[in-house]
Structures are given as structure tokens and as C-alpha cells.
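Notes follow the structure.
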Amino acid sequence: MELLQNIEIETAPNPTVAVIWLHGLGADGNDFVPLVNELDLSGLPGIRFVFPHAKTMPITINGGYVMRAWYDISGAELTRREDESGLRASQRDVEALIAREKARGIPASRIILAGFSQGCAMTLQTGMRHPEKLAGMLCLSGYLPLAGAVAGERTEESLATPVFMAHGTHDNVVPFARARESKEALLALGYGVEWHEYPMQHSLCLEEVRDISAWIRKVLA
């Protein structure tokens, strides 16, 4: 299958770690490129950051306006009438990116899936169904999609993948309560979740960036 277009940044030649970072609705891979320079990666092995661009599609909640998205959203409720076919199609696209990193010599256990908002949903959608332990799932300002299907579809191997979840208590796009429900669902399934909350809206903050740096260092130790 054809790989998604993407931006790559390598922190050193011949990287031995990959971070596949998935953007939110209406953004593209450029959105989180500046974050690489803000993370404290000193002393870590070389990392290849991969920032893919989601395909474009009409988004129902935005009046059918065509934009980059991992799946359609029909309303503010997020989990009513979920776009299952879109979620599963994008899951295949993300899996293809994981497969390419493995083909380039980076094992699944050294690949982190990361995402913000819709990208967070895709990180969980893909990482929990992946047939190998990943280095981690970094889940920012998002939620667990297709929650009713996860128990029957998640892999035993994925239970060993560490999860970082962070959310703003004043988020007006993905409600804080929805994120907390997602965290509780993951804990109930047996995942190890490191949870962080911040007094912010649908965004990132400096304290969060520091916590992300610390978590990356921990899972790569």
C-alpha cells in the first residue's frame, strides 16, 4: 500500500528509535515538528521522528469541509455514530508506517506511537491492536475510539506497552470527562497508564512537555 506523505527528523545518524507522531483534525505533520527541539532528548540514542500527513476527507461536523483527518466526526459527542471504517482505514495506514520502520531496522519495541486529539485516538486504535509490544503509546488530549470493541480486539502483546495519557482540565474540544473515562477503560483492560492533567484547554503546556521528555527517557531506558 502507498505510504502516507510524512516529514522525518533524525536526532542523530542511524537512529535506533522511532517516534511516529499523529496530528489532530485539520492540521498536518508540520504541527508538532517544532516540539522536537523543545523535548529534552540529551543522552538518548538517535531518534527518527516521523510526522505523517493524514489524508483529506469531508468532515460532517464542519459542514462537509474537506480537510486532513484520520476519520470523520459527525457531532460534538465524538463517540456517537463513530466513523468505524475511517478509523480502521487509518489504522492500516499507521501500521504501514510501523512496518516501514521495522524494515529499516528499528524493532517494534523501540517504536513509540504518539498523537494529539484525533491522533491520540489513532494511537490507541492502532497500538492496542498491534501484535507486538511497542516502546510506548503517547496519548495527548484525546480519547479511546470504538471503546466497545477494544476488549475483543486488543492483543495480549499490547498490554505490555506503556501508556502516557495527558489532558487539559478545561478542554472544550475533547471533554476532560471523556479522557478520564478512556483512562479508566484502559486500566480495566490491564494497561499500565501514566496519567497527567493540566489546567489548560485543547493544547500543550510547558509542564506537559517536561513530563513527555521524562516519560520518553523512562520507556527508552
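The values are calculated or read from the model by the stated rules, or taken from the named source; none is laboratory data. As the structure is a prediction and not an experimental result, all values here were calculated from the model. Note that each Cβ is placed from the backbone with ideal geometry, even for glycine, and that neighbours are counted across all protein chains shown. Only protein heavy atoms, including side chains, enter the accessible area calculation; ligands, DNA and RNA are left aside. Shrake-Rupley method; radii C 1.70, N 1.55, O 1.52, S 1.80 Å.
Is region 193-204 home to any residue that is of a type outside the set (S, T, N, Q), more than 21 Å from Leu41 (Cβ to Cβ) and touching a residue at least 60 places away in the same chain (Cβ under 8 Å)? Yes: one or more hits. Here the condition is being assigned to a loop (DSSP other than H, G, I, E, B) and in contact (Cβ under 8 Å) with a residue 60 or more places away in the chain; of Val174, Val219, Val209, it holds for Val174 alone. Scoring Arg81 on the criteria (1) out of contact with any Lys or Arg (no Cβ under 9 Å at 6 or more places or on another chain); (2) of a type in the set (D, E, K, R); (3) open to solvent by 70 Å² or more (accessible area, probe 1.4 Å); (4) at pLDDT 95 or above leaves a single failure, condition (4).
Scanning region 90-109 for residues that are of a type in the set (Gly, Ala, Ser) and open to solvent by 40 Å² or more (accessible area, probe 1.4 Å) yields Ala99, Ala103, Gly105, Ser109.
Could you go through region 198-219 and let me know if any residue there is crowded, with 16+ Cβ neighbours inside 10 Å, acidic (Asp, Glu) and more than 21 Å from Ala76 (Cβ to Cβ).
The answer is yes, given that some residue of region 198-219 is crowded, with 16+ Cβ neighbours inside 10 Å, acidic (Asp, Glu) and more than 21 Å from Ala76 (Cβ to Cβ).
Table: residues versus (1) among the hydrophobic types (A, V, I, L, M, F, W, C); (2) on the phi > 0 side of the Ramachandran plot.
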| position | (1), (2) |
| --- | --- |
| Arg68 | no, no |
| Glu77 | no, no |
| Gln91 | no, no |
| Gly105 | no, yes |
| Leu124 | yes, no |
| Arg154 | no, no |
| Leu159 | yes, no |
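At least 2 residues being more than 13 Å from the chain's Cα centre (by Cα) and farther than 24 Å from Ala179 by Cβ is the threshold, and among the strands (runs of 3 or more DSSP E) wholly inside region 39-131 those reaching it are 47-52, 56-59, 65-68.
Among the residues of region 50-74, those identified as touching a Pro at 6+ places or on another chain (Cβ under 9 Å) and not aliphatic (A, V, I, L, M) are Gly64, Tyr65, Tyr71, Asp72. For Gly136, indicate whether it is under 23 Å from Trp215 (Cα atoms), open to solvent by less than 40 Å² (accessible area, probe 1.4 Å) and touching a residue at least 40 places away in the same chain (Cβ under 8 Å). Against the criterion (under 23 Å from Trp215 (Cα atoms), open to solvent by less than 40 Å² (accessible area, probe 1.4 Å) and touching a residue at least 40 places away in the same chain (Cβ under 8 Å)), Gly136 qualifies. Within region 153-174, restricting attention to residues that are open to solvent by less than 20 Å² (accessible area, probe 1.4 Å) and more than 23 Å from Lys218 (Cβ to Cβ), the residue that is farthest from the chain's Cα centre (by Cα) is Asp171.
Being farther than 21 Å from Pro131 by Cα and outside any helix (DSSP H, G or I) is the filter; apply it to region 177-197 and report the residue that is most open to solvent (accessible area, probe 1.4 Å). Step by step, filter region 177-197, then rank; the result is Glu197. All conditions in (1) modelled with pLDDT under 95; (2) open to solvent by 40 Å² or more (accessible area, probe 1.4 Å); (3) small (Gly, Ala, Ser) hold for Ser74, with the sole exception of (2). For the condition assigned to a loop (DSSP other than H, G, I, E, B), in contact with a Lys or Arg (Cβ under 9 Å, 6 or more places away or on another chain) and more than 23 Å from Ala108 (Cβ to Cβ), Leu25 qualifies.
Close contacts from region 110-131, counting a first residue that is closer than 17 Å to Asp72 by Cβ and crowded, with 24+ Cβ neighbours inside 10 Å and a second that is at pLDDT below 95 and of a type outside the set (A, V, I, L, M), with Cβ to Cβ under 6 Å and a gap of 6+ residues or different chains, come to none at all.
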